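S.K.: Handing you a structure now.
The values are calculated or read from the model by the stated rules, or taken from the named source; none is laboratory data. This is a predicted model, so every value here is computed, not measured. Here the Cβ positions follow ideal geometry from the backbone for every residue, glycine too, while neighbour counts run over all protein chains shown. These area figures cover heavy atoms from the full protein model, side chains too; ligands, DNA and RNA do not enter into them. Shrake-Rupley method; radii C 1.70, N 1.55, O 1.52, S 1.80 Å.
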Amino acid sequence: SSHAFLMPSTPAISVKVQKSSPNRRVSYSSSSSSSAINEKKSRSTIILKDSSDITDIVVEAFGDDDDNNADEIADSYNFFGVASATVWAAVAVIVLSHHPDPKFIGCTMKHNILTMSQALAFPLPILWCTFASLQDGAQRGGWKRLGSATYQRLNLGLVVSSLWLAAAAGLPGIFAFGYDLIPGRLKISAAAIHACSAFLGVQVWKKSDGKIKIVDSIKSMIKKPVNKVSTLYTVACAGLLGLSALPVVASYPLATIPSVLGKRLARPASAFYFLAAVASYCIKDAADRDRLDASTFQTLRKGLAIGSG
């Protein structure tokens, strides 16, 4: 079966499920791109009738016969990674395609395209490397790996950034200096997807029995790095944390730094700089432990490199 929830002037997000025995193929598609995941077990069909049914993806992952089925969690990370990137791109294109302020009426389409590209260049690689790392951890190591400090940090970073994005999508006037430019159905869909991403992160963190020691993490960050790579990512983490806070605490025009997205998206985009700071800390911790060759940290480093390039 297949259903789609549609957003005005944006591509549909669709979920298609084909049941077979003993294998089932689930494909997630956005625009012309699609990805498929082969699963070992046959499970109940996922049906999305509207944006409120997105929670079925998460509920299925935790509510089947095996409450510790990490394969279900991997599928959820895949779905919400694609969905989160899609709704952010849709919001960016719609909101930045024109400027509502008459003072900027002379902005050309070239200017608007460059601004839209700026809104995608950093956030999308950061979303990719975060969700891909969490999905890989679930698939390769199951709940034991998801309970490690690295994945706990990534999940909690995902929770904070997704909640921020959900609030920014649902209440754009508060986050965009009074501008409310997101169409109604897209606003609901984006807020729901980001909120469910946060819900997924919380549930995985709780199920994995993780107990992040925030004080210990801070002490680890401020202690002397053990090598040059660790030093580099310590500086990157501190810098990205500062940049993520700047749009929140500063007034215009300083609040548009670092994303340079103006009043409309600068504050919502700060979520991605916070998520990048969490990824940088994970890499720093891996460098201290001589674990940089692991696939998770390679993925995180690629995402940061692409987004910063």
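S.K.: Inside segment 72-130, can you point out the residues that are among the charged types (D, E, K, R) and in a helix (DSSP H, G or I)?
M.R.: E72, D75, K103, K110
S.K.: Among the residues of segment 207-246, how many are modelled with pLDDT under 65, open to solvent by less than 60 Å² (accessible area, probe 1.4 Å) and either within 14 Å of I283 (Cα to Cα) or not small (G, A, S) (or both)?
M.R.: Looking only at that region, the number is 4.
S.K.: Taking the condition of being over 23 Å from S148 (Cα atoms) and open to solvent by less than 10 Å² (accessible area, probe 1.4 Å), how many residues in segment 269-306 meet it?
M.R.: 3
S.K.: Would you pick out the residues in segment 149-191 that are at pLDDT 90 or above, outside any helix (DSSP H, G or I) and open to solvent by 40 Å² or more (accessible area, probe 1.4 Å)?
M.R.: Passing the criteria: only L171.
S.K.: Still on this structure: Here are some conditions: (1) surrounded by fewer than 13 Cβ atoms within 10 Å (Cβ to Cβ); (2) at pLDDT below 90; (3) not β-branched (V, I, T). G141 meets all but one. Which one does it not meet?
M.R.: G141 satisfies every listed condition except (1).
S.K.: Looking only at residues that are closer than 16 Å to A269 by Cβ and β-branched (V, I, T) in segment 162-193, which one is nearest to the chain's Cα centre (by Cα)?
M.R.: Among those residues, the one meeting the criterion is I182.
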